[in-house]
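The values are calculated or read from the model by the stated rules, or taken from the named source; none is laboratory data. Given the structure is predicted, the values throughout are model-derived calculations rather than measurements. Cβ: placed from backbone, ideal geometry, glycine included. Neighbour counts: every protein chain shown.
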Amino acid sequence: FKDYKIKRSPHESIMFDKLNKLRPSGDFSVKCIWGAPILFDTKILNKIGFFNESFFLYFEDNELCVRIYKNNFYIIETPVSKCFHDVESKSNLNYRMIYLNSFHFILSQLIYFKINKKNSFYLKLRFFEYFVNFIKYLLKLNFKKSFINISRMIGIIYFIFKKVK
């Protein structure tokens with residue numbers, strides 16, 4: 001979460017860079033896996049629970065992986081497996097889709113932070129960054145980016161005032 005101004009030690013950054021350059025071979029255990037191509041043992045899901053319904057579109061896989069890890073189960077990644085996710089081109093997205101993506105991305109981040117008892121102060125503080133960007137892109141007549149920023153601001157306001165689970 002570099003975007004949230006979480007400070008890391010210089011040693012951790014060096015190790016992160018080294019690990020990022022490694023290309024593992026064979027199956028290996030990971031703390032979290034993102035995306036749709038996930039297979040689960042239903043016995044484990046029956047024990048720890050299925051996807052959290054508080055999330056929509058984003059971070060539901062992260063939250064489930066945290067619960068798997070906390071319950072002393074393993075997540076095994078198989079890098080040779082392939083899954084193709086056919087998505088609509090970003091250039092074809094309409095404003096309704098842009099709103100839904102931007103709104104739910106920031107809202108899901110806040111819910112994830114709340115559930116995992118992480119400080120969401122910097123994420124909420126980004127409201128002001130989004131406001132400045134909204135004005136900046138509006139003045140540049142870049143309505144798409146301006147719309148993305150106002151959608152994110154609405155997500156933060158919704159989280160704060162609706163007392164999301």
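Answer yes if at least one residue in the stretch 38-52 is at pLDDT below 80, charged (D, E, K, R) and surrounded by fewer than 14 Cβ atoms within 10 Å (Cβ to Cβ), and no otherwise. No, every residue in the stretch 38-52 fails to be at pLDDT below 80, charged (D, E, K, R) and surrounded by fewer than 14 Cβ atoms within 10 Å (Cβ to Cβ). Against the definition (surrounded by 12 or more Cβ atoms within 10 Å (Cβ to Cβ), among the aliphatic types (A, V, I, L, M), modelled with pLDDT under 80 and in contact with a Ser or Thr (Cβ under 7 Å, 6 or more places away or on another chain)), how does residue 93 come out, yes or no? The answer is no for residue 93.
On the stretch given as the stretch 152-165, residues that are touching a helix residue (DSSP H, G or I) at 6+ places or on another chain (Cβ under 9 Å) and over 16 Å from residue 99 (Cα atoms) total 3. Hey, does the stretch 72-87 have a residue that's hydrophobic (A, V, I, L, M, F, W, C), crowded, with 18+ Cβ neighbours inside 10 Å and at pLDDT 85 or above? No, the stretch 72-87 contains no residue that is hydrophobic (A, V, I, L, M, F, W, C), crowded, with 18+ Cβ neighbours inside 10 Å and at pLDDT 85 or above. Please determine whether any residue of the stretch 39-47 is under 23 Å from residue 110 (Cα atoms) and aromatic (Phe, Trp, Tyr). Scanning the stretch 39-47 turns up no residue that is under 23 Å from residue 110 (Cα atoms) and aromatic (Phe, Trp, Tyr). For the condition within 19 Å of residue 53 (Cα to Cα), of a type outside the set (Phe, Trp, Tyr) and at pLDDT below 85, residue 106 does not qualify. Here residue 118 meets the list (1) over 19 Å from residue 63 (Cα atoms); (2) at pLDDT below 85 almost entirely, failing just condition (1).
Selection over the stretch 125-151 of residues that are of a type in the set (Lys, Arg) and touching a helix residue (DSSP H, G or I) at 6+ places or on another chain (Cβ under 6 Å) gives a count of 1.
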